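Here is the structure we will look at.
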């Protein structure tokens, strides 16, 4: 079965608001990544957080990792219409990445 | 220059046909992948090659055969196409070695396959 489950499946917000997406996984990890997929495009890597890190920032992105709860969250602050996309978490299992089910984010201008 | 490019972008074909999708990366990466994304956006690994050697082969029908002529190319050939093969297929690449960043993958734009 797939490793990551994401919540919510879909999220609609207004520009300027913050968006929070959550990811839960099942097994021990070395690191966790977040990717974005714009409609009709491939996935783009956003950020990687290692298992010994609790929080990481990149621009308007903030990722947290709680290994005791096997969960991660992605916060996008001050959202823009251009942030509209699907967001996926992914964990490494050996040589492969296991992707979550994704959260579809819609940001209205 | 596009880092990971795959062709064609769209592929419409009849059931029973054989088709190929090509992928090339100019990032100097050692590892390449094929994924299938279904209509619910679920992304599943199919194959992975490291330096032309098959390292991941998930439970995929043997009608699907990957071929890696060199480490910059990984093509996917599909025989006897079925309706259920309709999906978007993504090629990706990664460094494959050297710390946690080895797992960061770079994706192509996808090939939307429609089997009629």
Quiz item: Residue check, residue B:77 against (1) touching a strand residue (DSSP E or B) at 6+ places or on another chain (Cβ under 6 Å); (2) free of Cβ contacts under 8 Å to residues at least 12 places away in the same chain; (3) more than 21 Å from residue A:47 (Cα to Cα), all met but one. Which one?
Solution: (2)
Quiz prompt | Members of the stretch B:76-95 that are closer than 14 Å to residue B:48 by Cα and crowded, with 19+ Cβ neighbours inside 10 Å | solution = B:76, B:89, B:90, B:91, B:92, B:93, B:94
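Please count how many residues of the stretch A:52-76 are in a loop (DSSP other than H, G, I, E, B) and in contact with a strand residue (DSSP E or B) (Cβ under 7 Å, 6 or more places away or on another chain). Working first, answer last.
Step one: list which residues in the stretch A:52-76 are in a loop (DSSP other than H, G, I, E, B), which gives A:52-54, A:59-60, A:67-70.
Add one more test, that the residue is in contact with a strand residue (DSSP E or B) (Cβ under 7 Å, 6 or more places away or on another chain), and what stays is A:53-54, A:60, A:70.
Residues meeting the conditions: 4.
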Quiz prompt | strands (runs of 3 or more DSSP E) wholly inside the stretch A:1-51 containing at least 2 residues that are within 9 Å of chain B (Cβ to nearest Cβ) | solution = A:31-37, A:43-50
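Using the structure shown, decide if residue A:64 is over 20 Å from residue A:16 (Cβ atoms) and free of Cβ contacts under 8 Å to residues at least 24 places away in the same chain.
Working: over 20 Å from residue A:16 (Cβ atoms): yes; free of Cβ contacts under 8 Å to residues at least 24 places away in the same chain: yes.
So residue A:64 passes the test.
Is it true that some residue in the stretch A:96-107 is within 12 Å of chain B (Cβ to nearest Cβ) and free of Cβ contacts under 8 Å to residues at least 12 places away in the same chain?
Taking the stretch A:96-107 first, the residues within 12 Å of chain B (Cβ to nearest Cβ) are A:96-104.
Retained after the next criterion (residues that are free of Cβ contacts under 8 Å to residues at least 12 places away in the same chain): A:96.
For the stretch A:96-107, residues within 12 Å of chain B (Cβ to nearest Cβ) and free of Cβ contacts under 8 Å to residues at least 12 places away in the same chain: present.
Evaluate the following for residue A:19: is it without any contact (Cβ under 8 Å) to a residue 60 or more places away in the chain, crowded, with 18+ Cβ neighbours inside 10 Å and in contact with a strand residue (DSSP E or B) (Cβ under 8 Å, 6 or more places away or on another chain)?
Numbers: without any contact (Cβ under 8 Å) to a residue 60 or more places away in the chain: no; crowded, with 18+ Cβ neighbours inside 10 Å: yes; in contact with a strand residue (DSSP E or B) (Cβ under 8 Å, 6 or more places away or on another chain): yes.
When the stated conditions are applied, residue A:19 does not pass them.
Considering each of A:4, A:102 in turn, give the residue that is at pLDDT below 95, buried (at least 18 other Cβ atoms within 10 Å of the Cβ) and at positive phi. Outline the logic, then answer.
Details: A:4 fails: at positive phi.
Criteria check complete, one pass: A:102.
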Quiz item: For residues in the stretch B:29-45 being without any contact (Cβ under 8 Å) to a residue 24 or more places away in the chain and closer than 18 Å to residue B:94 by Cβ, which is nearest to the other protein chains (Cβ to nearest Cβ)?
Solution: B:45
Exercise. Identify, from the list B:71, B:44, B:36, B:52, the residue that is more than 17 Å from residue A:44 (Cα to Cα), in contact with a strand residue (DSSP E or B) (Cβ under 6 Å, 6 or more places away or on another chain) and surrounded by 13 or more Cβ atoms within 10 Å (Cβ to Cβ).
Key: B:52
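The values are calculated or read from the model by the stated rules, or taken from the named source; none is laboratory data. Only a predicted model underlies this, so the values are computations on that prediction, with no experimental measurement involved. When we count neighbours, we look across all protein chains shown, and the Cβ atoms used for this are built from the backbone with ideal geometry, even at glycine.
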